[in-house]
């Protein structure tokens, strides 16, 4: 019996998971409610939470691009999208006005030469800016022209008189200078800005752009000053005094940095009289960088042969193209001059070439005493001259009859320098008067 009791005790001890010999090791691991400080409590598991942390990703918005890449994108926009760019941000507006954008659009073939015809309504209340794009094709085909696209502006946007205003272009901007007023028209965006007016009010004066600045002369009995306008500072200043006072003159410029003042009537401010013989066919030239007048021994730098009256002028390269009237006909001239600083001798350094005149819409291409004739010439690119001709008489059955002011005939002609031929342009919008034209890229 004693042996059986000892066997049962050995079996129970071997089957127990906590032997007496290991009790000293297992007791500290067992939780005890009496003395909780004698063991480490096991924390209960917490519920899982997913914390969404934003992962930085590269920005893909177009506004995040650097200026050079953003310019590449903006240069490919259609012309219809350009007016909205200044409304996006100041940065877009700054890039729109950068010098790189026209260069990029020109390299992509997105810029075409266009004529901007600026006219005043008959009631003197609206200004009209008509855009005439040129297509890329041969010069003798009428297909080089597109249709006029006009937009009108009320004259209430600026005070002053624009009835005898002159237009001049710099880059994509058209500056319209009136008597005591000046506005700037942005061809790309269609916006209009009021600019600082010239120092002296002028009427029927000469104007031209040279190296990004505007120069005006003549058209005033109060002064013979030549003024310069800086678009960056929006300011005018007097730079010199003209050799003679002219009224009804026209201006032009050439690539050698010369401002030409051509035609008009000689103005005697003391006697308040006009002299048609002294200035009608002569040309004065002012070299901008040197600040000197280019003269010959006899006076003006050049004079139209046969005593013609200069009506329009423009420059292409170093050539000066002149539209003039000779009694009963219209003539077209090219003045080839190699002019250096200082005085020059016209007999040795200049040469007149008589070119084919435009087919004006009058009988036989002749101008009689009963006709009123005016002309605006402008250079289109490097090989075309545009002439906007106004004639206040029409040919009816071979006879010329007088016409009212509101019935003035306006015709556009383009001369190709390479072929020497004229092309008749599209119909000029009616209902306007005193229209002038300038060329821009848009």
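Structural remarks
- The slack in the chain from residue 213 to residue 163, taken as 0.36 nm per residue of separation less the alpha-carbon distance, amounts to 15.7 nm.
- For the range 306-328 versus the range 63-112, the inter-centroid distance based on Cα atoms is 39 Å.
- Ranking of 113, 164 by count of other Cβ atoms within 10 Å, fewest first: 164, 113
- Distance between modelled label sites at residue 238 and residue 329, nm, 7 Å Cα→Cβ extension: 4.4
- Cβ crowding within 10 Å ranks 103, 129, 185 as 103, 129, 185, fewest other Cβ atoms first.
- FRET efficiency estimate (nearest 0.05) - Cβ-Cβ, residue 121 to residue 67, R0 41 angstrom: 0.45
- Residues 309, 314 in ascending order of nearby Cβ atoms (within 10 Å, fewest first): 309, 314.
- Note on residue 336 and residue 84: the model spin-label points, each 7 Å out from Cα along the C-beta direction, lie 5.2 nm apart.
- Inter-centroid distance (Cα atoms) of the range 245-260 relative to the range 157-220, Å: 15
Bear in mind these aren't lab numbers, they're just calculated from the coordinates by the rules spelled out. Note that the structure is predicted; figures quoted are calculated from it, not measured. Reconstructed Cβ throughout: ideal geometry from the backbone, glycine too, with neighbour counts over all protein chains shown.
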